[in-house]
Every structure is written in C-alpha cells, then in structure tokens.
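Visitor: Pasting a structure here, questions to come.
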Amino acid sequence: MAGTPKKTNISRRGFLSSAVAGSAALVAGSNPLQAANPENMAPNVPDWSRYLGAGVAEQPYGMPSEFEKQVIRRNVPWLTASTESSVSFTPIHELDGIITPNGVCFERHHAGIAMVDPADHRLMINGLVDKPMMFTMEDLKRFPRVNKIFFLECAANSGMEWRGAQLNGCQFTQGMVHCVEYTGVPLKYILEEAGVKTNAKWLMPEGADAAAMNRSLPLEKALDDCLVAFKMNGEALRPEQGYPLRLVVPGWEGNLWIKWLRRIEVGDMPWQAREETSKYTDLMEDGTSRRFTWVMDAKSVITSPSPQAPITHKKGHTVISGLAWSGRGLIDYVDITLDGGKNWRRARIDGLRLPKALHRFYYEFDWDGSPLLLQSRAVDETGYVQPTKDELRTVRGTSSIYHNNGIQTWHVQENGQVENVEIS
Ligand SMILES: Nc1nc2c(c(=O)[nH]1)N[C@H]1C(S)=C(S)[C@@H](COP(=O)(O)O)O[C@H]1N2
Ligand SMILES: [Mo]
C-alpha cells in the first residue's frame, strides 16, 4: 500500500453535507483571524493593562476565557428525533494533549441526564453472589481506590461516514470520544466483597436513568480492569457523565460504560441473548451480523488542520496534530501522509503514552501552500494497522453504523480551508 503511486479521485457526499450547514455556520466563527485592534498594540497600553481586574472568588467555579466561546460540544439536530435520546460531540479540533476537559466531554444518553442525589444513591449487587449487597457512596469510598486515564468511544462514532464522506468536521466525524482520569474502585474488590458464585459468567450493570439502561458484561472483563468511578479529572463526575457513579470498561465500546450505576446483577448467561435481536450488533454485507464486538479497534484522526480548524497562514511552518487510540492497549506509532497515501512519514507521539488512552501526535513541516490530502494511520502494540474505509467496507459492507475506524482524509485547499473527502 505504502509508496504505491495511484490515481486519486476525491469524493464527497454533498447532499447531506448541506444539512449540517447550520452547524457548520456555527463553526465558521471558530477560526477567524481577527483583525487586531491597533489600540491594543505596542507602544499603546492595551485595554487589559489599564484597570484592575476581577478579584478572587468572583467566579467561585472558574470558566474558560470569554475568547474561547467556540470550544463547545455540538450536536447535529437532524441526527436524532429528540435531544434526550441523542448525542453531542467533543470539540476535538480545539483541544490538545490527551485529557478532555470535563465540560466538553461528548454526551450520549438514551433518556436524558438523570439528576441523582448521592445521599439517596445506592449500588446493589445481586444474583449469583454469596451475599447480595447494597452500598452507599460513602461505603464505596472506603474501598482502596485507583486513578486511571482511559478513552471512552461510542461504538457509533464515525457511523455516519460508512457510505461516504459526509459531516464536515472531526468534531462530528470522530468526536464521540473523550479521555479523562477516573478515580474509582476496581470492580473486582466490590465483587469479592459480595462473593461471586463459581457458576457466574456474566454481569448485568444497570443505570438509574429513565432508560434503566443495562448491558451484558463478561465477568472476566469485570475482574480484569473495570472500575466503579466517582471522579473524573479530580472532581465529581458531571451529571451528564453519570454522577455520582459510572462503570468504566477500558478499551471497550461506550454503551457498556453504564452511567448513574445503581445495580449489578451477576448471572450465568448474557442478558442480551434472551432478546431476539441485540442492539449494538454490526450488520454485514451478507446479512449476517457481528455480535459482542466490544473492543474498540485502533483509530486515529488529524484534529488540526481539519474542516473546523483550517490553516490560517499562507505557507511555511505548519503543525499537524491529531489523536490516536486503541482498545487493545498502546499505540505503537502513527504515520501521516500529505499526499493521499503516496508517501508516509512517522508522526511524533508526545506526552503520556498509556494503554487504552488517547495518544497525542504531531507532525511539523513546511507547507508550500499547495493542496494536501492529509491522512493519519495508527498501528497499535498488537501490530493491528488502522484500515482504510474501503478495506473496512470490503469486509463489513455499508449497512453498519458501528465500529467505523477507517482512515480519515482531509483535503486542504490552497486557501487553507479543509474538507472531509474520500479518495479512491
Ligand atoms: N445509564 C446509562 N448509561 C449509559 C448510556 C445511557 O443512555 N444510560 N449511554 C451509553 C452510551 S451508548 C455511551 S457511548 C456512553 C457515553 O458516555 P458519555 O455520555 O460520558 O460520553 O454512555 C453509556 N452509558
Ligand atoms: Mo454509545
């Protein structure tokens, strides 16, 4: 694949891209090269140096600078019928490093955000256990706790792109992912306390939202690295992320990470097996489906430049930045191409490198101002290589929604504007 010269056709599904024009308009304001106000430039004294600023505690809970208003979650209204069963997207094109700030973590709810009073919240463990148990939040905080950084990706991330390039911005095409530091109790400790019976094989964690969302989780995974978490990035979970308690299922698809966690039933078979069809199965080209596709395969995306983060200079020093992650552990390396896959160069992974967490990569180059076809390709520590979208379609067809980890292409134009395209 690498180094094979090929004719490049660029394609883009125009008909739906106009449907997001509304959100794109919102985004357009996000990268203005604002004309500088001469009054604020040397040798003048700028506005902000002439007066005393706000005192301490004027904002008891701090907020970002007013000049960062564009760094927000966004949704695509036509995607879902209601906002309670919907999704918002992380503004990954505006972030750096690997940690997602709490206020901009994407949200996915099936019945809106439950507002849970922690004093009244309980975690119940029942089913195939020696002693069914009921824990208060205070009880849970008496177990030894750990701190771990993990990404969470919805299985439907990039799901709109199966049939072709559609949404114009990585916030929309790859933004159903976030990565925070969780503080919580290894689920193993809690299960040990209740005493799991020897015939137990599956757990059914359940949420306290109106959807009472539940999932089947193999006991083996629960005992391996799952957490029952109450903090994210040092502070209490946000209501939209499951306050006061959520399940953390490292490297596995987001729908298993039950929020507002209120109960874990221990059983000997998967609960979804009792239903005729399961949600979160992947429909294949031949009509068969893949079930229990829990692990999130290696994926990467260039977050800047990207459609919402165009290049604002004419040429010269240019920084490409992006994210890579794998549900199987570490990212080994990321390659990037400027010419649609003819030549690949090694990107530089910078900052923390942790298994099942986002990795931040950079590639610095001198842009000559000519159009680019940017792609990134991640390889994880198991040797798994992120596939092209066409490679994925050959195996999985186009009827899927879930698990689209194909290589993203950005077409950078001479004016620095960037478009979501596909090449073949
Ligand atoms: N109780 C409950 N837990 C839930 C959901 C839900 O609707 N209810 N949505 C799931 C899905 S599909 C995903 S992708 C993740 C999203 O987590 P986030 O909102 O923190 O991004 O939560 C999961 N846990
Ligand atoms: Mo999800």
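Visitor: Give the accessible surface of segment 122-291 per residue, rounded to a whole number of Å², with probe radius 1.4 Å and ligands, DNA and RNA excluded.
Guide: Working: 6450 Å² over 170 residues.
About 38 Å² of surface per residue is accessible.
Visitor: How far is it, in nm, from the label point at Val385 to the one at Arg290 when both lie 7 Å from their Cα along the line to the Cβ?
Guide: 1.8
Visitor: Between Asp350 and Glu364, what is the label-to-label distance in nm when each label sits 7 Å out along the Cα-to-Cβ direction?
Guide: If labels sit at Asp350 and Glu364, their model points lie 0.7 nm apart.
Visitor: Something else about it: Quick one: compute a quarter of the convex hull surface over the Cα atoms of segment 56-202 and quote it in nm². Write down the numbers at each step before the final one.
Guide: Details: hull surface 53.7 nm².
Spelled out: convex hull of the Cα atoms, projected over all directions, averaged, 13.4 nm².
Visitor: Pop out the carbon and sulfur fraction of the accessible area of the chain as a percent, whole number, probe 1.4 Å. Write down the numbers at each step before the final one.
Guide: Details: 10390 of 19470 Å².
After summing per-atom areas, the C and S share lands at 53 percent.
Visitor: Something else now. Could you compute how fast segment 150-251 diffuses translationally, taking Rh as the Kirkwood radius over C-alpha pairs and applying Stokes-Einstein at 20 °C with viscosity 1.002 mPa s? Give it in µm² per second.
Guide: Rounded to a whole number, D works out at 138 µm²/s.
Visitor: Also, quick follow-up: Considering every Cα-Cα pair within segment 122-291, what fraction, in whole percent, is farther apart than 27 Å?
Guide: 29
Visitor: OK, next. Residue by residue through segment 140-145, what is 3J(HN,Hα) from phi via Karplus (6.51 cos²θ - 1.76 cosθ + 1.60, θ = phi - 60°)? Round to whole Hz and write x for glycine and proline.
Guide: 3J(HN,Hα) across segment 140-145, in whole Hz: 5, 7, 9, 7, x, 10.
Visitor: Hey, another quick one. Report the normalised scattering of segment 332-390 as log10 I(q)/I(0) at q = 0.14 Å⁻¹, calculated by the Debye formula with identical scatterers on the alpha carbons.
Guide: Those come out to -0.44, one per q.
Visitor: Another question, if that's okay. Points 7 angstrom from Cα along the Cβ direction at Asn343 and Asp120: gap in nanometres?
Guide: The two pseudo-label positions are separated by 6.5 nm.
Visitor: Moving on to the next point. Just list whichever of Lys131/Lys356; Lys314/Lys389; Lys148/Lys221; Lys69/Lys389 have alpha carbons separated by over 28 Å in the model shown. If you can, show how the numbers build up before the last one.
Guide: Numbers: Lys131/Lys356 33 Å; Lys314/Lys389 31 Å; Lys148/Lys221 16 Å; Lys69/Lys389 34 Å.
Over 28 Å apart, Cα to Cα: Lys131/Lys356; Lys314/Lys389; Lys69/Lys389.
Visitor: Find the Cα radius of gyration of the chain, compare it with 2.2 N^0.38 Å by division, and give the number to two decimals.
Guide: Working: Rg = 23.0 Å, N = 424, 2.2 N^0.38 = 21.9 Å.
Rg over 2.2 N^0.38 Å, computed on Cα atoms: 1.05.
Visitor: So, one more: I'd like the FRET efficiency for Glu220 and Asn44, computed as 1/(1 + (r/R0)^6) with the beta carbon distance as r and R0 of 51 Å, rounded to 0.05.
Guide: Working: r = 66 Å, r/R0 = 1.30.
Efficiency, from the Cβ-Cβ distance: 0.15.
Visitor: I've got another one for you. Just round it to a whole percent: the fraction of Cα-Cα distances in segment 85-130 exceeding 18 Å. Let's see the in-between values first.
Guide: Details: 598 of 1035 pairs.
Percent of Cα pairs beyond 18 Å in segment 85-130: 58.
Visitor: Given only helices, namely DSSP H runs of n ≥ 4 each adding -39500 (n - 2.57), what is the per-residue ellipticity at 222 nm of the chain, to the nearest 500 deg cm²/dmol? Could you put the intermediate results ahead of the total?
Guide: Values: 7 runs with 43 residues, N = 424.
Counting only the DSSP helices, I get -2500 deg cm²/dmol.
Visitor: Another question, then. With the Cα gyration tensor of segment 366-424 in hand, give its eigenvalues times 5 under a square root as the equivalent ellipsoid semi-axes, listed largest first in whole angstrom. Working shown, then result.
Guide: Numbers: eigenvalues 138, 47, 13 Å².
Semi-axes from the Cα gyration tensor: 26, 15, 8 Å.
Visitor: Taking every pair of distinct Cα atoms and averaging 1/r, then inverting, what Kirkwood hydrodynamic radius in Å comes out for segment 295-423?
Guide: Working: mean 1/r = 0.0668 Å⁻¹.
By the Kirkwood definition, the hydrodynamic radius is 15.0 Å.
Visitor: Another question, if that's okay. At a Förster radius of 25 Å, what calculated FRET efficiency corresponds to the Cβ-Cβ distance of Glu68 and Val319, to the nearest 0.05? Walk me through the intermediate numbers first.
Guide: Values: r = 19 Å, r/R0 = 0.76.
That gives a FRET efficiency of 0.85.
Visitor: Find how much the distance from Trp78 to Ile401 grows on full extension, using 0.36 nm per residue of separation minus their present alpha carbon separation; answer in nm with one decimal.
Guide: Extending this stretch completely gives an extra 114.7 nm.
Visitor: Farthest toward the dipole's positive end in segment 122-291, which of Gly254, Met133, Ala222, given Cβ charges of +1 (Lys, Arg) and -1 (Asp, Glu) about the Cα centre?
Guide: With unit charges placed on the Cβ atoms, the residue in question is Met133.
Visitor: At 1.4 Å probe radius, can you tell me the per residue accessible area of segment 37-112 in Å²? Kindly include the intermediate steps, with their values, before the conclusion.
Guide: On the way: 5000 Å² over 76 residues.
Per residue, segment 37-112 has an accessible area of 66 Å².
Visitor: Across segment 209-267, how large is the tail of the calculated P(r) beyond 18 Å, expressed as a percent of all Cα pairs? Please report the intermediate quantities before stating the final value.
Guide: Working: 527 of 1711 pairs.
Of the Cα pairs, 31 percent sit more than 18 Å apart.
Visitor: Give, rounded to the nearest 20 debye, the magnitude of the charge dipole that segment 122-291 has about its Cα centre when Lys and Arg contribute +1 at Cβ and Asp and Glu contribute -1 at Cβ.
Guide: That gives segment 122-291 a dipole magnitude of about 440 debye.
Visitor: I would also like to ask the following. Would you mind checking the radius of gyration and Dmax of segment 30-96 based on alpha-carbon positions, in Å?
Guide: Reported Rg and Dmax, both Å: 18.3, 55.
The values are calculated or read from the model by the stated rules, or taken from the named source; none is laboratory data. Remember, it's a predicted structure, so these values are computed and weren't measured experimentally. Heads up, the Cβs are rebuilt from the backbone with ideal geometry, glycines too, and the neighbour counts pull from every protein chain shown. When the accessible area is computed, the model is the full protein with side chains, heavy atoms only, and any ligands, DNA or RNA have been set aside. Shrake-Rupley method; radii C 1.70, N 1.55, O 1.52, S 1.80 Å.
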